[in-house]
Each structure stands twice: as C-alpha cells, then as structure tokens.
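Engineer: Quick one: structure below, then a few questions.
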Number of protein chains: 2
Amino acid sequence: MHIAMIGCGQLARMMALEGWHLGMTFSFLAESGENRSCVEGLGDIVELTPALSGRKLFEALGEPEVVTVEREHVDVAMLRDLASFCQVTPNPDAIEICQHRGREKNFVNALGVPTAPYRLINSAESLKAAIEALGLPVIVKSCEEGYDGRGQWKIDNTQELDALLLENTMEGDFIVEGFVAFEKEASIVAMRSSKGECAFYPLAENEHRNGILISSIAPAELPSPSLSAEARKIAQSIIEKMDYVGVLSIEFFVMHDQLLVNELAPRVHNSGHWTQAAGICSQFENHLRSIAGITLGATEPTTHAGMVNVLGQKLNTNWLVDSNVQLHDYNKTPRPNRKVGHLNVWSSDRQKLVNQIHELKCAIYGDE
Amino acid sequence: MHIAMIGCGQLARMMALEGWHLGMTFSFLAESGENRSCVEGLGDIVELTPALSGRKLFEALGEPEVVTVEREHVDVAMLRDLASFCQVTPNPDAIEICQHRGREKNFVNALGVPTAPYRLINSAESLKAAIEALGLPVIVKSCEEGYDGRGQWKIDNTQELDALLLENTMEGDFIVEGFVAFEKEASIVAMRSSKGECAFYPLAENEHRNGILISSIAPAELPSPSLSAEARKIAQSIIEKMDYVGVLSIEFFVMHDQLLVNELAPRVHNSGHWTQAAGICSQFENHLRSIAGITLGATEPTTHAGMVNVLGQKLNTNWLVDSNVQLHDYNKTPRPNRKVGHLNVWSSDRQKLVNQIHELKCAIYGDE
C-alpha cells in the first residue's frame, strides 16, 4: 500500500518507520520552506506549489491509495480535492472541526460531552463580556493558531487583561475558557479502522511546562476508577460521530469525578509515544493498520510505560543508562524548545518508573 | 553515528529501521548482482567492485565509524583492510571462525564446550573412514557453503552413501557429524558491547522444515531448568574468547541434560526475530547499541513470544487476524523457499501462543 502523508515532521517519520515493516511505501507533502530532515530517505518528498492540485498533486504524490496527515493544520480544500482520487483519512470534515477551537468545543458539547466553560470572542468588547460571564481567571486562546502554548494567555486580573489588550486588538477568532481546577491532565489515543473496529490505549497522564508536553506516564493514576471507561466512552462517541478512520487523540482535564475535553488532535499524539515501548502495537502502526483496514494491534500494555520529551538540545545516548530506556531521534537540529527526540521507559513497578522519569528529566534539563 | 553494513538483506533492513530511531545513518555494501530491495531507501548502497578497496571503499561507504555485517560469508581480507580506517565489528577473526564449520567446531571444542561428534574430511576415502568411526546415520555438510539446509546430506545407510559419492567426489572441506538424538533445537542470541557489557535473550526453541527455520518460541521449554544458565555460560565463554562485539547467535541441540553447540552465526539471527515483539529491546537495536557502546537494552521478556517465517509466497495482511500479531515485510519478490517476511506473536499464556503459531502456520502453509 502506498500512503501519502501531509507533513514532514517527526510524527510522519515515526509512522513511516513503522509502515516499512508492514510493507507500505510513503510519500510526503512539504509546504514551501517546511523542514524535511525528519523524513529524508523514507519516501519521496513533494513540495506543494500553487500549480500542484487535484490530479497533478495526486500523481506527484505517487498515486497513493490513502492520503493521511501528521498535523491538523492542513488545507482541507486540498484534502477534499484529493478525495476525488483516493481515500483521504481522517476525513476532511473531521480535520476541519479540529482546526478551530470554537468548532471543536461546539462539536464536543453537542455530543453532551463536557468541556471547561467557554465563550467565543472576536473583539476587545466581547472578551470583556466573556470575562464578565465566566469570572477571572480565564485562558484566552487563538482558535486557529498556536500550539505548544503559543497563542495563549492566562488572565488572572484586570491588569493582565489591560496588558493583553494593549498588545492585541483581539480581532479574529479567540476562545475564552473559564479556569478549571483540574487534578491532572490526561489524554487518550483512540482509533477506528476503515472496517469499523475501535480500540483505545489507556489514559496517559501528562506534565506540561510552559504549555509544552514534557512527560507522560501510562496508565494514568486516576482519582476515580470510572474515569477510564468514561474516557473511552467519550472517545467512541466522538470518533463515531465524526465517521473517523485512523488515530484520534483527546486531551482531558481530569476533575475529581469527571473528565473535561480540552483538545482534540486528528492524528497520532506526543502523549502516545510511550506506546512504542510497552510491548503492544504502537500508535504509529495502529494508525496505519486503521487506514489500511488491518485488524488493530494490541493496545493494553502489561507494564507501566512513560515518555520524556527532549526539547531544544542535542540528544545524548548517555541518557540510556538503564536497559529499559529507548531513544527516538527525529533528525532535527536543536533550537530552543524544539522537540528533537524522546525517551521511552517502561517498568512493571510504577513508582520505579516515576522515579526514573524524574531522573531523566533531571539529566536532560538539570532543573529538578 | 554512521554505520556501514556488509550485505543488503532483511537483517540489514531491520537493523537500519531500528537504527534510524537511534539517529544512526547507514550505508550498505552490495556484492555484484546482490538484490538490494530490502534496504533500498534506507541509506546509500555501494556496489563492491575490484577497484574498490581500502581507503576508496571506506570513502565510498561514507567514512563510517563502524563497519558491521549481516552475514558471515564476507571477504575477511576486505574487513581487515577496512579495519585500518574504522572499527570493524564483530572482528574479522571471529567472523572467519564462523565461516568454516570445521574451524568453528574446533574452536568450540577447544573451550571445553560440547558439540555432536564430528570428523573433518576432504575425500571419498576420508568420508568412509569417518562413517566407520562415527557409525551411521551421519550428516555430511559442506564446511564453507550452504545454509538453510543446502549443501547438507543425511546418510542413513550404505545405499545413500553410494548415491552421494556418485554425485559428489567430496573434494573440498566437509564435516561429517554423528547423528545425535536431540529433544529439540534451540538457540540463544547473545551480545557484548564495546564497553564489555554482556547480555543474553532467553533460549528460543526452533522448528525447522527441510533445514529452514519455520518458527521459534521463547523462552524455550527445556527438559532441565539448568540448561538455560548453561546456554548463557557457553555463550559468554565464546564471546569472551572471541573478544566479540555485537550480537552472536548460537544454535544448540538440546539433549536431556546437556546442550551441544550446532552452529554459530556472527550476527543477528532469524530465531531472534521474536525480540521485536516482546516488549523488550530487539536484537537489531541491541546489535547497534553493542557496537555503539550504548548501555544494552532489556533482554528479559515478561511475556511469551514467537515468530513464524513466511517462505516463498506473497505476504497477506489477513494473517493479522488477532491484535497480538505483527508483520515484518522484507520487500522481496517471492521465490520458492525464499524468506520474504515473518510474523511475530506474543502472549502471557504459552499454550495460547503455541496454538496461535500453529494456526498461523496452517494459514500460511495450509499443511498442518
């Protein structure tokens, strides 16, 4: 099976490396100026130009049987165009929902699935009205831009509101979210195959720093055991409503006895990288199995597993001091806060794993 | 780290796919006419020509930091030549021992490690004398040629001896082995890193058909529990005596209370492919970690795991009927008895695994 991937980052790289084992071949669509180092050598790289559309683009990509994505910010008109020639999965409607925080929240709420309280705004006045309604503190987020903490502002008091309004006219689509006192952040990687089979990895709990994921541990330790089934139920309702094929990731705020959906990602997810190391089928392989209609691979780890991201610095094999650590190098040049690789760790003893992840963060960031 | 691999087969392919995760880059040396489909795209492929030797070959391979092999039948003079420019590992002396069944058996016996009784012969007369000494039945094997059952003859009676002598003058190096009534065949994948660390996967038990490996299950069920430690002891004595760096595989005949060494392979081994699926570090990654001096990855599976080879036919994703089956496709065109891929399976329940491997063999070969 020949698969075209929209995007040339580490997620595309890791999918391709798994896909090679399945006998799949790949091509990659790069936007003009997009760095290609992650996927160089793993398949043809095609640069998107205005002249390339429809059949020409399909042919340039090697006439793939399936087009899929490694990121949500993709031109959906282009995807709909490609859908005349081959399967495009996840479907462009699903991707479009996930491209806009407002559409996404409305979609989720319409299913009866709770989120933090929110208002959609597009001006200074509507921002003020939203704060009036929700109460401080709030988080303001650009609806269509920003990831890893960019395009987001926390407002604790009126001084911070004034400072934001001095910098930003708030024209455009923004979402204002009421602050929720969550116990932890967790995420689920769910999938549905083209044959309708669904599967779910256990919830992972995530630590962020400055809005960027630093580490994950799975399965998550939950304040209430019912939340695990709740996460699957929510994920199932979303993927079925979206008629989704492939891997979909959902970030949650974990409240004492409830999950609030924070964000959807129509793709494999950084918080699912631990699935490469838990003796199961990884999220990367399962995304490919989903879209190829192959029976989904095992998602229930028999061990605890975790991941530590490496941001902004050269990778160092000296971090692999223990036999249960594995390195994934993205072939990227380090820049501040850039994700250049990750370490996966696993153990039958959760506390040992927690300690080891702590030690790895100390070794990498020297700050704990 | 840039690594040059001698050979372009599936073992090179699987090492490279694991090495990409570690940030390694690869080049591959192809003999004239050698099929390259397994490694196409995974690094530069250099064709060996008479003009390419010494520094020129080193440069053509991209000035690797390490040269390693995916097969034992390699020109050791060429390896010694390359050793002036970079690390060559496993070392050429070790590879040379493994290239010749006579040298190999003598080496093993000199360590006090038992093998089947044998005689080295190079003529019809010496063959007859060997049979006289060992008694029928015997196995006659070419010392330097043949694998997967080729270049081997079992002789049960004088008629079969006469038939062989009609076909073959027995000029050249042959080994005659007395037949041993082994209970099963098993193998160990051992490794030693450039820093001296040693590690061992558990023994796998192997089923052959017509001399070709069909399936493996690990850990092996052994007639005596001490054989597991015995296998490690033998492996350790061999890798230390050889001053070996990398993965070394040893095939054994399992007797009731003893192991006899059947064959050494200075490389990753087909009977170790299950290590890709047992939630540990695979033999492919561990070979690379060994030669790069990285702490060796975990070798103790917490589950039972097995492998079924796919020979001589197109791969079919319909074999992945269960979520605990993974496919490894070598990108080869099927030809009779050609290894084109394998399936890995794992389970916490050994009997379930045994049944599943049986079912997979039925699905693939339809003969059980």
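Values in this text are rule-based calculations from the coordinates and carry no lab data. Because the structure is predicted, anything quoted here is derived from the model rather than measured. Here Cβ is always computed from backbone atoms with ideal geometry, including for glycine, and neighbour counts include all displayed protein chains.
Engineer: For a Förster distance of 25 Å, can you work out the FRET efficiency between the beta-carbons of A:Ala133 and A:Asn210, rounded to the nearest 0.05? Can you show the working numbers first?
Structural biologist: On the way: r = 28 Å, r/R0 = 1.12.
It comes out at approximately 0.35.
Engineer: Here's a follow-up. Per-residue HN-Hα couplings for region A:132-138, Karplus 6.51 cos²θ - 1.76 cosθ + 1.60 at θ = phi - 60°, whole Hz, x for Gly and Pro?
Structural biologist: 4, 6, 8, x, 7, x, 9
Engineer: When Rg is the radius of gyration of the Cα atoms in region A:146-237 and Rh is its Kirkwood radius, what does Rg/Rh come to? Before the final figure, lay out the partial values.
Structural biologist: Values: Rg = 17.6 Å, Rh = 16.2 Å.
Result for region A:146-237 is an Rg/Rh of 1.08.
Engineer: Follow-up. Return the distance in nm (one decimal) between the two label points of a simple spin-label model at A:Glu240 and B:Phe85, each offset 7 Å from Cα along Cα→Cβ.
Structural biologist: Those two pseudo-labels are separated by 6.3 nm.
Engineer: Between beta-carbons, use under 9 Å as the cut-off and find the net charge around B:Val261, counting Lys and Arg +1, Asp and Glu -1.
Structural biologist: Value of the local net charge: -2.
Engineer: Tell me, what is the FRET efficiency for B:Ala163 and B:Lys56 to the nearest 0.05, using R0 = 41 angstrom and their Cβ-Cβ distance as r?
Structural biologist: E(calc), rounded to 0.05, equals 0.25.
Engineer: Considering chain A as a Gaussian network with a 10 Å cut-off on Cα pairs, which listed residue, A:Leu11, A:Leu42, A:Leu111, attains the greatest mean-square fluctuation?
Structural biologist: For chain A, modelled as a Gaussian network with Cα springs under 10 Å, the answer is A:Leu111.
Engineer: Next question, about the same structure. Place the label 7 angstrom along Cα→C-beta at A:Glu34 and in each other copy, then list the distances from the first to the rest in nm, shortest first.
Structural biologist: In ascending order, 3.5 nm.
Engineer: Using amide H atoms built 1.01 Å from N in the peptide plane, name the residues 5+ places from B:Tyr118, or on other chains, whose amide H lies under 5 Å from its own.
Structural biologist: Under 5 Å from the amide H of B:Tyr118 lie the amide H atoms of B:Gly178, each far enough along the sequence or on another chain.
Engineer: A further question follows. Sort A:13-19, B:345-351 by packing, meaning the average of other beta carbons within 10 Å per residue, with the highest value first.
Structural biologist: A:13-19, B:345-351
Engineer: Taking only the Cα atoms of region B:273-368, how large is their convex hull per residue, in Å³? Before the final figure, lay out each step's value.
Structural biologist: Details: hull volume 9.6 nm³, N = 96.
Convex hull of Cα atoms, per residue: 100 Å³.
Engineer: For the modelled label position 7 Å from the Cα of A:Glu359 along Cα-to-Cβ, which residues of region A:325-344 have backbone nitrogen atoms closer than 13 Å?
Structural biologist: Zone members listed by number: A:325.
Engineer: I've got another one for you. Roughly speaking, what is the stretch gain from A:Gln258 to A:Ser348, that is 0.36 nm per residue apart minus the C-alpha to C-alpha distance, in nm to one decimal?
Structural biologist: 29.6 nm
Engineer: Given a cut-off of under 8 Å on Cα pairs at least six residues apart, what relative contact order in percent is computed for chain B?
Structural biologist: 14
Engineer: How large is Rg/Rh for region B:117-178, to two decimals, with Cα atoms and a Kirkwood Rh?
Structural biologist: 0.91
Engineer: Under the Karplus relation 6.51 cos²θ - 1.76 cosθ + 1.60, θ = phi - 60°, what is the ordered set of whole-Hz ³J(HN,Hα) values for region A:62-78, x standing for Gly and Pro?
Structural biologist: These are the phi-based 3J(HN,Hα) values: x, 6, x, 6, 9, 10, 9, 10, 10, 8, 8, 8, 9, 5, 5, 4, 4 Hz.
Engineer: Stretch B:Arg103-B:Glu63 to full length: gain in nm at 0.36 nm per residue minus the Cα-Cα span?
Structural biologist: Fully extending the segment from B:Arg103 to B:Glu63 adds 11.2 nm.
Engineer: Amide H neighbours of B:Ile214 under 5 Å, at least 5 residues apart or on other chains, H built in the peptide plane: list them.
Structural biologist: Amide H neighbours of B:Ile214: B:Glu207, B:His208, B:Arg209.
Engineer: Hey, another quick one. Could you pull the Rg and Dmax for region B:221-321, using just the Cα atoms, both in Å?
Structural biologist: 15.5, 46
Engineer: Would you kindly derive the ³J(HN,Hα) couplings of region A:43-50 from the backbone phi angles with the Karplus curve 6.51 cos²θ - 1.76 cosθ + 1.60 (θ = phi - 60°), listing them in order in whole Hz, with x for Gly and Pro?
Structural biologist: Computed from phi, the couplings for region A:43-50 are x, 5, 10, 10, 8, 6, 10, x Hz.
Engineer: Taking neighbour Cβ counts within 10 Å as the exposure measure, how do A:Cys198, A:Cys362 sort from fewest upward?
Structural biologist: A:Cys362, A:Cys198
Engineer: Shifting gears a bit: Please state the equivalent ellipsoid semi-axes for region B:2-88: what are the square roots of 5 times the Cα gyration tensor eigenvalues, largest first, in whole Å?
Structural biologist: Numbers: eigenvalues 69, 43, 25 Å².
For region B:2-88, the semi-axes come out at 19, 15, 11 Å.
Engineer: Report the Stokes-Einstein translational diffusion coefficient (µm² s⁻¹, integer) for region A:184-365, Rh taken as the Kirkwood radius over Cα pairs, at 25 °C with viscosity 0.890 mPa s.
Structural biologist: D, rounded to a whole number, is 148 µm²/s.
Engineer: Assuming a viscosity of 0.890 mPa s and a temperature of 25 °C, what translational diffusion coefficient in µm² per second does Stokes-Einstein assign to region B:38-151, Rh being the Kirkwood radius over Cα pairs?
Structural biologist: 145
Engineer: Here is a follow-up. Can you work out the PRE-style zone for B:Asp44? Point 7 Å along Cα to Cβ, and I want the residues of region B:1-27 with backbone N under 11 Å.
Structural biologist: Hits in region B:1-27 for B:Asp44 at 11 Å: B:26-27.
Engineer: Calculate the mean, over all residues of peptide A:273-279, of how many other protein chain Cβ atoms lie within 10 angstrom of the residue's Cβ.
Structural biologist: 2
Engineer: Among the lysines, select those whose C-alpha is under 28 Å from the C-alpha of A:Lys128, and discard any that sit fewer than 8 residues away in the same chain.
Structural biologist: Counting by Cα, and skipping residues close in sequence, A:Lys128 has these lysines nearby: A:Lys105, A:Lys141, A:Lys154.
Engineer: Taking H as built 1.01 Å from N, whose amide H comes closer than 5 Å to the amide H of B:Glu144, not counting residues under 5 places away?
Structural biologist: Those qualifying (amide H under 5 Å, at least 5 residues apart or on another chain) are B:Arg101.
Engineer: Run the numbers for A:Asn122 and A:Ser194: contour at 0.36 nm per residue of separation, minus the present Cα-Cα distance, in nm.
Structural biologist: 22.1 nm
Engineer: Calculated from DSSP H runs of 4 or more alone, at -39500 (n - 2.57) each and per residue, what is the 222 nm mean residue ellipticity of chain B, nearest 500? Let's see the in-between values first.
Structural biologist: Values: 10 runs with 106 residues, N = 368.
Calculated mean residue ellipticity at 222 nm is -8500 deg cm²/dmol.
Engineer: Just from the alpha-carbon atoms, what are the Rg and Dmax of chain B in angstroms?
Structural biologist: Values for chain B (Cα only, Rg and Dmax): 20.4, 58 Å.
Engineer: Continuing with the same structure: Taking only Cα atoms of the protein assembly as shown, what ratio of Rg to Rh do you get with Rh as the Kirkwood inverse-distance radius?
Structural biologist: Ratio of gyration radius to Kirkwood radius: 1.03.
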